[in-house]
Every structure is written in structure tokens, then in C-alpha cells.
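Step one of this worksheet: look at the structure below.
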């Protein structure tokens, strides 16, 4: 029921995922709104937490919402993972309240892959779960992000950096400086390589970038905005004259692989790390393809027992 | 003496500025290193604070550095403004210590123009002067940014927004939420329009965007990194095959105006608002053109008595 293109694209993606990935997919929501499920099972839920609804109030009041019911299905072992393109805050809230926090985790964090063409993505966390953070939480984000980068992208010893305003240990706000000291002193399972800046996110210099959820969210949206702006400007120039249009017929096929690599739909969405279950937060504008990729990541993370690895890491 | 291309490009830019803008330019630095000044006066300074040097220590120890001497020249009325492409922290430190803070200003802030093609730039502040901020400082940034946008871009009633992670007043970290309350309650001279997100920076929705210096600096560098990445990817595709190269001969002239608009060298650099004098911080990689534009902005801001306007605004 969640996302700007629900339920159409979500259901279409679920059907494709079931077929292409050989995974059992259960749809959670209003059976009438869902319509033809192509044979997929439906777990009925009569309520919807809207995209712009207050997350905390929504989760508290709408006990029969698709999000709350999906999280319950994971808690109760009826599903191995949940995937949502809906209200991010409500997805987090549902997962946190119904699945619960992993023992020892201070705060769950959203880990978002930033595509790096020609390389594995850079995992950014926290991408928005916690607007105000403490240094010890960021150390745990570093630990959880390392496990995640290793399990999801097969990176043996992920390079972990802190997002700051200069490479020197003395640069940053007080949160970053304190976290730097903790990470430099050594945190179990974390290969800390120091500070990076915003311009390093799209490079192959680092595998995991840690920051508070406010900075992470502002950074991600800035990145998305800049990419979209440049894409629109370039394609705008390409159709501005008949000659340009002709010339672009040669160039567009050369740019398409890049566009696909940078498309968030290609990357299977973000993961909520630190809850007792696999919870995938897909982009609000998720297409069927985005849902297929999200289900693929969910399946992989369940099979690789990500949650158990995280549990061990923070224990 | 400051900047990656000093002194060559800086001196060349100063000469061009003197000629094109009919402004008296004084070069501050080591006369031997500067070489031929094309007739411009030199204020000798025997020391240089290096780009990667600790700013506070540099300003404290190197009393005969070009930065400290330039700030003194403004303080003593020997110059109307200073322009530097050198160490940003040391430029700020020199200006703050030698020119002093405007009465009533809690903290000076760096105001950086973000180019918006087809519109006036978005002024982002603080872009890095203060990594940790208090709500009241951000309110002053809003006041100073409004004056600056009005004086520099002729915007009658600049729209001021807070950089956050959602438009709602309840979204953000505690600093942003407290600042939102203060601005929503009304701050003299500030036309507050609410929160914006990172993706809104490149649009015409807002004229001044306020944030702490950590967030501002991370955001700016993320933006720069994303733009550079996309530019390199597009130009890379354009030269990847002979056919593409031919096609790009049609497209490049169509993209050049955009590239010029987005080039930081076109925008005259950032201003340090809140010190008792005009202090322009130009990009570290400033070319002669960047220096010409920086001198132009310096001249305009002196002629428009920006510092007096700021003094009145915070009084």
C-alpha cells in the first residue's frame, strides 16, 4: 500500500520477484485495492499509514495498517523479511515496535547504498533514522555498516570513514571529533580509515561512511538533487535543437549504462540495521523493478543471516 | 600568496581586475615571489600560512603573513576589502582577529552562493565557519544572509529557509527544530518560508538557506562532488568513440553556458559575514577569472556599504 506508485507497481514488482527470484512473496494490504495478485497470497490489513502522515501517531493508532501487519508477520515468523516503499518513519516505527531492537543496539540506523559506477556502492549510514546522535551510536553504526557491506557486497574488510569537513582528526563538529577519537582508539570489527568529505562519497576511496541521520539525510537528498539537476540539464540540451537531437542519438546509448547504475531503482533500497529482522526501505517512487531488486536484497540478507551477524557484532 | 595556483593566477587576476574594473588593487605578499606586478602596489609580507596549516596556530604565530597583513590593511583603512584564495580557516581567523566582529554578532558566517541556472544564486550560510552552532546564531545567519542577498543580488525580500530533512516544522535535529521555532515566531528583517531539503538548493524556491557550518560544508562539498562527477561522466562518454566525439561537437556549445554558470570561478567566491570589513574567500583552485570576479564582488559590497547594512541588521 506504500509508495507514490502503490499498489500497481508494488504488486507488479512482487509478482515479478516471485517469478524471477523463486521467492514466496506475501502482499500485505487491502485485498480490494490490491486487486489481481497473480496468485500471490494476501495478508489483509484494513488501514494505511499515508506517505505524509505523522509516523509515530500512525504506528500507534493504526494497528491494522499494512506496515504494522507486515512487521508483525516478520516477528511471528510468517515472513522472513519486509519490504516497504511507504512512509519511511512509519516503516522504521513499525519494525522497531513489532520486531524489536537487537540486544545491545542503541539505535537502529538506515543504511543506504550510494552507487559508485565501476565499483561497489558506498554504504551511507545513518541516512535518516536518528536526527540527533551520540558518539557511541555512531561507533555502532560503523560496526553494523561493516557487517552489512561485507555481507551484501562481499567486501572482506570494508573501509569505514566518518563524514566530516576535512580529513584531519581535528576537523568536524563535536560529535564527529568525539566519534573520531573512539574509532581511532579501535572498535571491534571496524577498519577505520579516518574522515572523508562529501565529495568522496561517489568515489572508490571508502566502503562505509558513518554520520548522524540529519547529516546523512541532507547529504543524500543533496546528492540526488544534484544528479537529477545535471541529468535534466544534459538531456535538456540534447533536445534543444534538431541537430542536438540527432547528435544525442549517438550519445544516449553511451550514457544509458551510467544512468542505470545511478538509478536508485537498481539498488534494492536501504536497510534498517539494528532491528530483529530484515526490513528494506525502498524509495517512495519505487517502480516494479525497484521492488524486484528490494526483494532480491531481502532474500540475500535472509539467506546470509545478516541479522545474526549484526547481533554478534554488537554483542 | 594563497590558493593552489598562487601567486601566478592571483597576480594575473589582480592585474585584470585593476584594468577591467577600474579598482586600485594592492597585492599582499613576498615581492620576490610575486614578481612582475604589472604596476600594482605591493604590501610586503614575509610569511605565508600554508593551505594545510593549522589556521589558529598560523594566524597566532605568523604576524607577518600575507593573510594577517591583508586583514590589517582593511582594519587600518589602507584597503577597503580583502580577497583571499588561501587557507579558509586562516582567512577567517585573520579577518576576525584583525578587523574584529561587528557589535552584536555572535559568530561570523561564511555565505556561499550556489549557482542556480536561470535565476539568482541560492546563498547558503554557514558554509563552514562554525561546526557547532546554537539556534540564536542561526537566526543571525538568517538576518545577515537576507541583507547579503538583498545587496548582492538585488532581491527585495529574500526568501529564507532552514536546511532540514523534511518541510514540516517537526522535522530536523534539535538545533533545526529550535531555530525553526525562533524564526517562525518572527525575526526582524527575515522573511522565513520554512524548511527546505538538500534537493531544493539548486532550484528557484528560496534565496537564502541557513544551516550550521558542519552541515553547510558537507552539503557544499557533496554538491560539488556530484556536479563534477556528472560532468566528467558526460564528457567521458563524449570522447569514448569517434562517433561520440563528432556528435559532441554539436552538444558541447549547448552545454557550455551551463558549465560557465555552474563554475565557482564565475561567482566571485564566498563572503565572511559578521566581521568589520569586507572579506572574500575565493575557492582554493581560483583562476585569474575567479579573482577578477571576487574583486568585483568586493568592490560592489564596499560601494553598497554591506558592512554598515549588516551592522544595522544585528544591532
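Where a number appears in this text, it was derived from the coordinates with a stated rule and is not lab data. Owing to the predicted nature of the structure, the values given are computational and were not obtained by experimental measurement. For neighbour counting, all protein chains shown are included, and Cβ atoms are generated from backbone atoms with ideal geometry for every residue, glycine included.
Counting only DSSP beta bridges whose two residues both lie in the range A:19-165, roughly 40 percent are antiparallel.
Does the range B:82-232 come out rounded, prolate or oblate, given a ≥ b ≥ c as the square roots of the eigenvalues of its C-alpha gyration tensor, rounded meaning a/c under 1.5 and, failing that, prolate meaning a/b above b/c? Rounded shape, in that the Cα axes give a/c under 1.5.
One way to sum up the overall shape of the range A:1-131 is the equivalent ellipsoid from its Cα gyration tensor, whose semi-axes run 24, 20, 15 Å, largest first. With its label point defined 7 Å out from Cα along the Cα-to-Cβ axis, residue B:41 lies at 8.6 nm from the matching points of the other copies, in increasing order.
Of the beta bridges in the protein assembly as shown, as assigned by DSSP with both residues counted there, near 30 percent are antiparallel. How high is the relative contact order of chain A, given as a whole-number percent (alpha carbon pairs under 8 Å, six or more residues apart)? In percent, rounded to a whole number, it is 24. Taken residue by residue and averaged, Cβ atoms of other chains lying within 10 Å of the Cβ of A:188-201 number 3. Taking the label point 7 Å along Cα→Cβ, residue A:249 and its counterparts in the other copies are spaced 1.8 nm apart, in ascending order. From the alpha carbon centroid of the range A:235-270 to that of the range A:30-104 is 36 Å. Inverting the pair-averaged 1/r between distinct Cα atoms of chain A gives 20.2 Å as its Kirkwood hydrodynamic radius. Per residue of A:233-240, how many C-beta atoms from partner chains lie within 10 Å of its own C-beta, taken as a mean? The mean count of partner-chain Cβ atoms within 10 Å per residue comes to 5. Percent of C-alpha pairs per 10 Å bin in the protein assembly as shown, short distances first: 3, 16, 23, 24, 19, 10, 4, 1, 0.
Along its principal axes, the range A:244-304 has C-alpha extents of 54, 23, 18 angstrom, given from the largest down. Centre-to-centre separation between the Cα atoms of the range A:120-164 and those of the range B:201-234: 23 Å.
What shape does the range B:204-248 have by the C-alpha gyration tensor, where a ≥ b ≥ c are the square roots of the eigenvalues, rounded means a/c under 1.5, and otherwise prolate means a/b greater than b/c and oblate the rest? Judged from the Cα gyration tensor, the range B:204-248 comes out oblate (a/c at least 1.5, b/c at or above a/b). In the range A:1-136, Cα pairs under 8 Å separated by at least six residues give a relative contact order of 18 percent.
Does the range A:55-94 come out rounded, prolate or oblate, given a ≥ b ≥ c as the square roots of the eigenvalues of its C-alpha gyration tensor, rounded meaning a/c under 1.5 and, failing that, prolate meaning a/b above b/c? Oblate, because a/c is 1.5 or more while a/b does not exceed b/c. Per the Cα gyration tensor, the range B:135-192 maps to an equivalent ellipsoid with semi-axes of 21, 11, 9 Å, ordered largest to smallest. Dividing the summed helix terms, -39500 (n - 2.57) for each DSSP H run of n ≥ 4, by the number of residues in the protein assembly as shown produces a 222 nm estimate of -14500 deg cm²/dmol to the nearest 500.
Rounded to the nearest 5, the antiparallel percentage of DSSP beta bridges internal to chain A is 30%.
Inter-chain neighbour count for A:159-168: the average number of beta-carbon atoms from partner chains within 10 Å of each residue's beta-carbon is 3. When residue A:231 is represented by a point 7 angstrom out along its Cα-to-C-beta vector, the spacings to that point in the other copies are 2.1 nm, nearest first.
Using alpha carbons only, the radius of gyration of the range B:194-281 set against its Kirkwood radius gives Rg/Rh = 1.08.
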